[in-house]
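This report concerns only the one structure given below.
The values are calculated or read from the model by the stated rules, or taken from the named source; none is laboratory data. Note that the coordinates shown come from a computational prediction; the quantities given were computed from them, not determined experimentally. Every residue, glycine among them, receives a Cβ derived from its backbone with ideal geometry; neighbour counts consider all protein chains shown.
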Amino acid sequence: MKWYDRITMIDRRVIYLLLTVFVIIPFFIKVTIPQKIMPQTRRLFDFIESIPPNDKVVMISFDYSPQTQPECHPMAKALLKHCFARGIPIVGLSFEPEAPGLAVDALVSVVQEIDSLATNREDSLVYGIDYVYLGWKSGRIAAQLDMGEAISGVFPRDYFGNLIDSLPLMQATKNYKNVAIVIILASADYPIDWIRYPQTRYGIKVGAGLTAVMAPQYYPFVQTGQVSGLMSGMKGAAEYEKLVLDHGYARTLGSAETGMNSQSMIHILIIVFIILGNVGYFFSRRQKGTHK
Amino acid sequence: MSSDPWIWIGAILTLMIFSFLYRDNPFYKFGEHLFVGIANGYYIVYYWHNALKPNLFEPLSAGQFVYVVPLLLGLMYFTRFIPRISWLVRIPIGFTIGWGAGLSIPALFQADVLRQLEGTVVTPATFSDLASGIWAVIILIGVVCTLVYFFFSREQKGLLGSASRLGIIFIMIGFGASFGYTVMARVSLLIGRIQFLLGPWLGLID
């Protein structure tokens, strides 16, 4: 067998093994591959920066499932750190049935991290005042539209069973007039409903943090301004983590930044495989042409 | 190494699923079937406690008999299994289509057509910044040429053919970007699992 035939027939298990090795290496050997921050991520960050503290809330729709946790969970944590550091209250909710556990995990871990550094009562975060998690609701389009009239009509109780009207934050947050932006962290096509229905009817601002598979289909909406900012996959999460760190809103980077080193290594490996495959194909085709 | 049994269960199941990369085997099959079973069980229990019970059965048991209407509409879907009255299924389907179309047509037209067209229109204001002006022209050319590619009412030759061929290039760039993003997404999932195995399970990384 010729060398060019051999490189087009590498055993897939060898490729899987190499992929695994290339993922693991950056965790043990310091490899820093610089990441350029994409404009759509910066736009989302800048939008949050422009919201005055203790004014309107940021509504986060946690709509990702455990499978896509490596991409969306770091986004959630970075976003929460940014908002809390700027004194912007958070109202969380979900339309993805698998998301509530992840949403609570993101909120609890970020709140615990901030509270552990708090030196006085004002620095710590209080449930019902600084943040609320409403839980999951079925029939998302109807729910999204109804929240434009009254959030308490859709979510009479929060995830933990508290009456919405008993929570100070929700007493001040009646409907979308009190919401600066809705940011959808999703692993499925949830943001499009927010764009088509509540945005068209109530003019609410929409931002998104999406898995990389979904991101390209939302770029046209970023271009038209229908989406005010977008985090795309693990790279978007890493960029947001970096922006949050650089502006002094966090002390350490999150898991996405670490993962991006592996991501870059894997991409280099895949490019090498694509080149090898094409070289092999080109030479074997030329050889066949010569024999004819 | 972790002493938490749940972490061990997660790690062992992850390795069982990864074993398929070598070849199909009973461990992979066990992991796969367990996942499908648990996912189904989760969804059934979740929808019962969070959708059906609070939105239908609790109001009904509290005497709000207007909820009989959605209950009957829902039950009509099951008439598909009884040939004699299977025609009844058309009622909830008609209701769903009517509601869906009425709600989505104006919204879809506004968000997906008019606003997108607006974003494609190039005005003198677009050139206030040279770079964004150039990009706007590229987007305009891309949209027009891609639309031309899907215009089959005339033979694609001459100017139409050239525009169509340019349209293919834009479409291919779009597919390439989507493929690149898909690779990134799938690799992210692998990284997440490796982080779990090396971190919470083996304790080798923070």
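Here are the numbers for this structure:
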| read-out | value |
| --- | --- |
| Candidate set: segment A:1-25, residues that are touching a Ser or Thr at 6+ places or on another chain (Cβ under 9 Å) and modelled with pLDDT under 90; chosen: the one farthest from A:GLY280 (Cα to Cα) | A:LYS2 |
| Of all residues making up segment B:135-162, the number that are surrounded by fewer than 12 Cβ atoms within 10 Å (Cβ to Cβ) and of a type in the set (A, V, I, L, M, F, W, C) | 4 |
| Test: residue in segment B:11-33 that is assigned to a helix (DSSP H, G or I), among the basic types (Lys, Arg), more than 14 Å from every other protein chain (Cβ to nearest Cβ) and without any contact (Cβ under 8 Å) to a residue 12 or more places away in the chain | yes |
| Lone qualifier among A:VAL58, A:VAL23 - being buried (at least 20 other Cβ atoms within 10 Å of the Cβ), within 11 Å of chain B (Cβ to nearest Cβ) and among the aliphatic types (A, V, I, L, M) | A:VAL23 |
| Criterion: modelled with pLDDT under 95, β-branched (Val, Ile, Thr) and not in a loop (DSSP other than H, G, I, E, B) - qualifying residue of A:THR252, A:THR200 | A:THR200 |
| Residue count for segment B:163-205, restricted to those that are more than 9 Å from chain A (Cβ to nearest Cβ), farther than 18 Å from A:PRO216 by Cβ and exposed (fewer than 15 other Cβ atoms within 10 Å of the Cβ) | 3 |
| Test: A:PRO70 is within 14 Å of chain B (Cβ to nearest Cβ), modelled with pLDDT under 95 and crowded, with 21+ Cβ neighbours inside 10 Å | yes |
| Residue match in segment B:2-22 (condition: among the polar types (S, T, N, Q) and over 29 Å from A:ASP11 (Cα atoms)) | yes |
| Helices (runs of 4 or more DSSP H) wholly inside segment B:58-150 containing at least 3 residues that are within 14 Å of chain A (Cβ to nearest Cβ) | B:68-76, B:90-108, B:115-120, B:130-149 |
